[in-house]
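As structure tokens, the structure follows; a few thoughts come after it.
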Amino acid sequence: MRDLNGKVAVVTGGANGVGRGLVEALLDEGARIVVADIEAPVLEATVAELRERGDVWGWRTDVSDEHSVRALADAVFDRYGSCHLLFNNAGVTSGGGGLPWEQEPNDWRWCFSVNVFGVANCTLEFVPRMLATGEPGLIVNTSSGDGGFAPVLNASVYAASKAAVSCFTEALAHNLINEGTNLRACVFYPSGGLLETGLWTAARNRPADLARLRPRPPAPMTTIAEYKAAMEAKGTPLQTMDVGQLGRFCVEQIKAGHYVITHDIDKIADLLDQRVAAIRALSLPPTLHPYT
């Protein structure tokens, strides 16, 4: 999809962070944007700030709730009659990480309800409607190098959710091609440096009924400040990535027709080669280091 001008794009988790970067990049291309986000005040502020840049409006959506996603899809198709670009971008952490056996069932429920069921709910509501229009379209699922390529050991639940997103997207993409549809799918790995986004404080939106029942054990890193301090202690230069720049990168990769959207592909390929070699040897594969 090389020309995005006039295309209708839905971005979940689009009010801030990586999602907002995508929204701004899409507006620069002349797309018509529906920003879907769970935080109403932030959503309203973002839409108000960006309205002068193009056709953008917001719809409060909880992607973990199938009824909320259905209402979003109804609103989009009632207003525009189509959706050409679906960005399943909303995501959360699992509650600070730590050892796998220190996680609670609610950590799994919350993380998977947004990261995995959110993608599922949007796919189930939007893709059949997109297919019915017969128009070309693209589903862009946001995964993570943590799980998408290899797990970070202290974020096992989050990594598992993102591994699920990567695997599901690949199956979706093959099926869309094999069935002769005009839709395609690709997977987006936010990358290029440290992202100072709302993911670090995702617990602000954690439902009360999915709260932890026990005090969380100390995790290796729970905030971006702790992450930065750990990097400084290691003597590793801290490279950051502007979300606006990342959004533009993603959109350019979409226009180029790439399935995998990520920076540092050579470095990732080296890691995957190491993992393949270990698997061939029936050995434990290397992981993704949290400081990379």
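The values are calculated or read from the model by the stated rules, or taken from the named source; none is laboratory data. Note that the coordinates shown come from a computational prediction; the quantities given were computed from them, not determined experimentally. Positions of Cβ are backbone-derived with ideal geometry, glycine not excepted, and every protein chain shown enters the neighbour counts.
Data table
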quantity: Boolean, Leu86 is surrounded by 16 or more Cβ atoms within 10 Å (Cβ to Cβ) and over 23 Å from Cys111 (Cβ atoms); calculated: no
quantity: Scan of region 119-138 for residues that are outside any helix (DSSP H, G or I) and either of a type in the set (Gly, Ala, Ser) or touching a residue at least 60 places away in the same chain (Cβ under 8 Å) (or both), ordered by number; calculated: Gly134, Pro136, Gly137, Leu138
quantity: Pairs where the first residue, in region 7-27, is on the phi > 0 side of the Ramachandran plot and in contact (Cβ under 8 Å) with a residue 12 or more places away in the chain and the second is surrounded by fewer than 23 Cβ atoms within 10 Å (Cβ to Cβ) and assigned to a helix (DSSP H, G or I), C-beta under 9 Å, 6+ apart; calculated: Gly13/Gly198; Gly17/Gly198; Gly17/Leu199; Gly17/Val243
quantity: From Glu226, Glu232, Glu170, residue being at pLDDT 95 or above and acidic (Asp, Glu); calculated: Glu170
quantity: Long-range neighbours under 8 Å by Cβ, at least six apart or interchain, first residue closer than 16 Å to Ala31 by Cβ within region 50-76, second crowded, with 20+ Cβ neighbours inside 10 Å and of a type in the set (S, T, N, Q); calculated: Gly58/Thr46
quantity: Qualifying residues in region 139-151 (those that are in a helix (DSSP H, G or I) and touching a residue at least 40 places away in the same chain (Cβ under 8 Å)) - the one farthest from Ala173 (Cα to Cα); calculated: Asp146
quantity: Where Gly14 falls short, out of the listed (1) under 19 Å from Pro207 (Cβ atoms); (2) touching a Ser or Thr at 6+ places or on another chain (Cβ under 9 Å); calculated: (1)
quantity: Test: residue in region 63-74 that is out of contact with any strand residue (DSSP E or B) (no Cβ under 9 Å at 6 or more places or on another chain) and modelled with pLDDT under 95; calculated: no
quantity: Residue match in region 168-185 (condition: in a helix (DSSP H, G or I), in contact with a Cys (Cβ under 6 Å, 6 or more places away or on another chain), polar (S, T, N, Q) and crowded, with 19+ Cβ neighbours inside 10 Å); calculated: no
quantity: Residues (touching a residue at least 40 places away in the same chain (Cβ under 8 Å) and on the phi < 0 side of the Ramachandran plot) located in region 257-283; calculated: His258, Tyr259, Val260, Ile261, Thr262, His263, Ile268, Leu271, Leu272, Arg275
quantity: Filtered residue count, region 238-269, keeping only those that are over 17 Å from Pro151 (Cβ atoms) and either part of a helix (DSSP H, G or I) or of a type in the set (A, V, I, L, M, F, W, C) (or both); calculated: 21
quantity: Which numbered condition Ala45 misses (of (1) over 21 Å from Glu125 (Cα atoms); (2) crowded, with 17+ Cβ neighbours inside 10 Å; (3) not charged (D, E, K, R)); calculated: (2)
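Each row is one residue, and each column tells you yes or no for (1) among the aromatic types (Phe, Trp, Tyr); (2) in contact with a Leu (Cβ under 8 Å, 6 or more places away or on another chain); (3) surrounded by fewer than 24 Cβ atoms within 10 Å (Cβ to Cβ).
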{"residue": "Asp3", "(1), (2), (3)": "no, no, yes"}
{"residue": "Ala9", "(1), (2), (3)": "no, yes, no"}
{"residue": "Thr12", "(1), (2), (3)": "no, no, no"}
{"residue": "Gly19", "(1), (2), (3)": "no, no, no"}
{"residue": "Val23", "(1), (2), (3)": "no, yes, no"}
{"residue": "Leu26", "(1), (2), (3)": "no, yes, no"}
{"residue": "Gly30", "(1), (2), (3)": "no, yes, yes"}
{"residue": "Val34", "(1), (2), (3)": "no, yes, no"}
{"residue": "Asp37", "(1), (2), (3)": "no, yes, no"}
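A quick yes/no check of all residues on (1) among the charged types (D, E, K, R); (2) under 14 Å from the mean Cα position of the chain (by Cα):
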{"site": "Ala48", "(1), (2)": "no, no"}
{"site": "Val63", "(1), (2)": "no, yes"}
{"site": "Gly81", "(1), (2)": "no, no"}
{"site": "Pro100", "(1), (2)": "no, no"}
{"site": "Val116", "(1), (2)": "no, yes"}
{"site": "Ala120", "(1), (2)": "no, yes"}
{"site": "Glu125", "(1), (2)": "yes, no"}
{"site": "Asn141", "(1), (2)": "no, yes"}
{"site": "Val152", "(1), (2)": "no, no"}
